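The values are calculated or read from the model by the stated rules, or taken from the named source; none is laboratory data. The model shown is predicted, which means the values in this text are computed figures rather than measured ones. All Cβ positions, even for glycine, are placed from backbone atoms using ideal geometry, and neighbour counts span all protein chains on display. All accessible areas refer to the heavy atoms of the entire protein, side chains included, with ligands and DNA or RNA removed. Shrake-Rupley method; radii C 1.70, N 1.55, O 1.52, S 1.80 Å.
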Amino acid sequence: MITPSCRDASPAIAPYARAGATPPRWSATLVAIAIVGSLTGCGVTIPSDPDGTLAGVVNSRHLRVGASPAGSALAIDDGEVEGPLAGLVEEFADTYDAEVKWTIGSEEMLVGGLEAGDLDLVVGDMTDATPWADRVSVTRGYTRLPGLEGRKTVMLVPLGENGIQAALETFLDKEVGG
C-alpha cells in the first residue's frame with residue numbers, strides 16, 4: 001500500500017501541504033480576528049486596567065491622588081491641596097462622579113503608593129524626564145498645564161493600568177491640549 005506524502009498532494013487539494021510552503025497572509029489575519037473576537041466575548045477591553053484602577057474609581061467614587069508641590073500650580077497650604085493643577089484633577093474626578101482623596105508627600109513616597117495600589121494618580125512637578133518611568137506609567141508630556149506652561153509636565157499612574165491612563169490623557173487633551 002502506498003501512503004501519499006505532502007509532495008504527492010495535488011495542488012488543487014492541498015496547496016499548502018508542500019514542504020516549505022506557507023499559507024497566505026489572509027490566514028494570519030483570520031487568526032488575529034478570531035483571537036480578538038474571543039477576547040471580546042470574555043469581557044476584555046482595550047485599553048485595560050489589569051488591576052482595575054479605573055473601575056475602582058467608578059465603584060468607590062473616590063480618586064486617590066498623591067500630591068507633590070509644584071509651585072503655584074499645585075500648592076499645599078495647611079494640609080489643603082490648591083492651584084490650577086489640583087483643579088484639573090478635581091475636574092477629572094468629576095467626570096466619574098468621584099471625590100478626590102489627597103495624599104501629600106514626596107515623589108518617592110507617592111510612587112511607592114502607586115506601586116502598592118494605595119494611589120490611583122500622582123501629580124506634581126514631574127516632567128517627561130522623570131526617573132520614576134521604570135516603576136510607574138507616565139502620561140504624555142503636557143506643555144500647557146496651568147502654572148507649568150512650557151514644561152513637559154507628566155502625571156503618574158500605576159504601572160500597566162492603561163485604562164486610567166487613556167482616560168486621563170483623553171481628558172487632558174480636551175482640557176489643555178497636547
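List of remarks:
- Condition broken by residue 122, with the remaining ones in (1) open to solvent by 40 Å² or more (accessible area, probe 1.4 Å); (2) modelled with pLDDT of 95 or more satisfied: (1)
- Enumeration of residues in the range 77-115 that are open to solvent by less than 60 Å² (accessible area, probe 1.4 Å), assigned to a strand (DSSP E or B) and under 20 Å from residue 151 (Cβ atoms): 81
- Condition check for residue 108: within 19 Å of residue 171 (Cα to Cα) and either in contact with a Phe, Trp or Tyr (Cβ under 9 Å, 6 or more places away or on another chain) or of a type in the set (A, V, I, L, M, F, W, C) (or both): no
- Among the residues making up the range 62-76, a single one is open to solvent by 70 Å² or more (accessible area, probe 1.4 Å) and of a type in the set (S, T, N, Q): 72.
- Long-range neighbours under 7 Å by Cβ, at least six apart or interchain, first residue at pLDDT 90 or above within the range 137-158, second open to solvent by 30 Å² or more (accessible area, probe 1.4 Å) and of a type in the set (Ser, Thr, Tyr): 141/127; 152/127; 152/143; 153/127; 154/127
- Which numbered condition residue 167 fails, given (1) open to solvent by 10 Å² or more (accessible area, probe 1.4 Å); (2) more than 16 Å from residue 62 (Cα to Cα): (2)
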